[in-house]
Amino acid sequence: MLEVADALAEVLARCRPITDRTGLGFGTTGYVLAADVLADLDSPAWDKSLRDGYAVRSADAGDRRVVEQIAAGSVPAKVVGDGECARIFTGAPIPDGADAVVMQEDAGVLADGRVRINGPIRPGQWVFPRGAEMRAGEVVAPAGTVITPAGVGLLAAVGCIDVPVFYRPWVSVLATGSELVDCGLTPGPGQIRNTNEPMLEAQVASAGGVPTTVIPAGDDLPGLRRAVESALSTQVVILSGGVSVGDYDLVPQVLAELGVEIHFRQVRMKPGKPLLFGTKGDTLVFGLPGNPVGAFVCFELFVRPALRKLAGHADPGPRTVRLPLAVAVAEVNDRPTYRPAKLEVADVGWEVRPLPWGGAPDLRSLLTADALVVLPAADARYDRGTPVPVVLLG
Ligand code: AMP
Ligand code: MG
């Protein structure tokens, strides 16, 4: 049986990111740049006033005649000569001849219209020189950058409206099990609501993937075959249920029949031991356990990193840190165990508190979890303050 780290390495080795382009807008946030983005122009494109006031020659003394007015959006028509200045506003180009701006608060207009400057003038004051922010041809955002809202602004500033990015993987979510009914219905005898499908779709979306629903399939070969076949048209397929070793666990057989090469079927972990990973061409197939906590945890440990790698992230995760336990914990495990937990700030810094957990079927313990505490396979007691590995969720 594979260890978690080896299974993850196996998955990540088979993720092939695809490059794409997307239009610039608020929805560009979260994409990863697939190529360097360069400045197309110097910014600012001219020496620019940083204040409302007067553009002056700093070496001049005495009162100055105003030769013109330059608002943002217009260009100077005159040269500022000896004994002259130009009325100027924030963002407007500095006229030739001038080398500094005096704020209007530091100047007074005389009765004859001339301007008197109070105090000394430093050359270059309140002038943002051409190219100070960026030069044409300079890389402003390298490939691999995750686009934030500020990044959207920067791309807009350099006119990059057709943004080179990595493709956000399309992901089919297919829940299997003859006991499943739609979550909008009241289950009849022996039936349960299909919890996993909306949950896994929410996880896919939060990982930057694009979820698509496939109608759930029962535990019968023809129905399952049809459903899996249609799911295989996307870059990633997530199945839940039917991957274990029971008589009705038909997923491995159907995948093999449809030409999916199965790389592993079990991982040494709890919850989630039955975890299948296969590929057909570049399509990745995950068979997650049916129990919702197992499905959730396996998604976080294997599928989220795969989706992040496909979307171009250099650090696919899962993000793991070491934190002291906020409470003593006793555990008897035959496999490494991932327990829902909550991060807390204590006087000493961050700590992690395992949440009360009723075992694998207990989805409620995950409701407020923002981490998973990793406890090794052992019969052991851990004192409060013991540092433990912690997987950060989301
Ligand atoms: P399986 O992996 O198919 O053996 O299912 C394990 C357990 O998870 C069983 O109790 C199933 O009823 C339950 N289960 C399977 N699929 C789902 C689902 N989509 N939503 C909620 N529970 C499920
Ligand atoms: Mg089942």
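Observations on the model:
- Peptides 100-108, 330-338 ranked from most to least packed, by the mean per-residue count of other Cβ atoms within 10 Å: 100-108, 330-338.
- Fluctuation leader among F296, F264, F26 - the chain, Gaussian network, Cα springs under 10 angstrom: F26
- Helical contribution to [θ] at 222 nm, DSSP H n ≥ 4, -39,500 (n - 2.57), averaged over the chain, rounded to 500: -4500 deg cm²/dmol
- Using only alpha carbons, region 48-128 has a radius of gyration to Kirkwood radius ratio (Rg to Rh) of 0.91.
- Derived scalar couplings between HN and Hα for region 184-201 equal x, 10, 8, x, x, x, x, 9, 9, 6, 7, 6, 5, 4, x, 5, 5, 5 Hz in order, rounded to whole Hz, by the Karplus curve 6.51 cos²θ - 1.76 cosθ + 1.60 (θ = phi - 60°), x for Gly and Pro.
- For region 377-394, Karplus couplings with θ = phi - 60° (6.51, -1.76, 1.60), whole Hz, Gly/Pro x: 5, 5, 9, 8, 10, 10, 6, 4, x, 5, x, 10, x, 9, 8, 7, 8, x
- Ranking T283, T320 by solvent-accessible area of protein heavy atoms (1.4 Å probe, all protein chains present), from largest to smallest, gives T320, T283.
- Accessible area expressed per residue, region 11-61, with surrounding protein chains retained (probe 1.4 Å, Å²): 51 Å²
- Of all DSSP beta bridges in the chain, antiparallel share, percent nearest 5: 70 percent
- Here's how it looks for T145: its modeled amide H is under 5 Å from those of L33, which are all 5 or more places away or on a different chain.
- Under the Debye formula (equal points on every Cα, no solvent term), log10 I(q)/I(0) of region 140-206 at q = 0.13, 0.15, 0.26, 0.29 Å⁻¹: -0.59, -0.65, -1.12, -1.23
- The alpha-carbon atoms of region 320-392, seen along their principal axes, cover 33, 27, 19 angstrom, with the largest extent given first.
- Structural descriptor for region 297-394: relative contact order 36 percent, calculated from alpha carbon pairs under 8 angstrom and at least 6 residues apart.
- Placing unit charges on the Cβ atoms only, positive for Lys and Arg and negative for Asp and Glu, gives the chain a dipole magnitude near 260 debye about its Cα centre.
The values are calculated or read from the model by the stated rules, or taken from the named source; none is laboratory data. Owing to the predicted nature of the structure, the values given are computational and were not obtained by experimental measurement. Every residue, glycine as well, gets a Cβ built from its backbone with ideal geometry; the counts of neighbours run over all protein chains shown. Just so you know, the surface numbers come from the protein's heavy atoms only, side chains and all, with ligands and any DNA or RNA stripped out. Shrake-Rupley method; radii C 1.70, N 1.55, O 1.52, S 1.80 Å.
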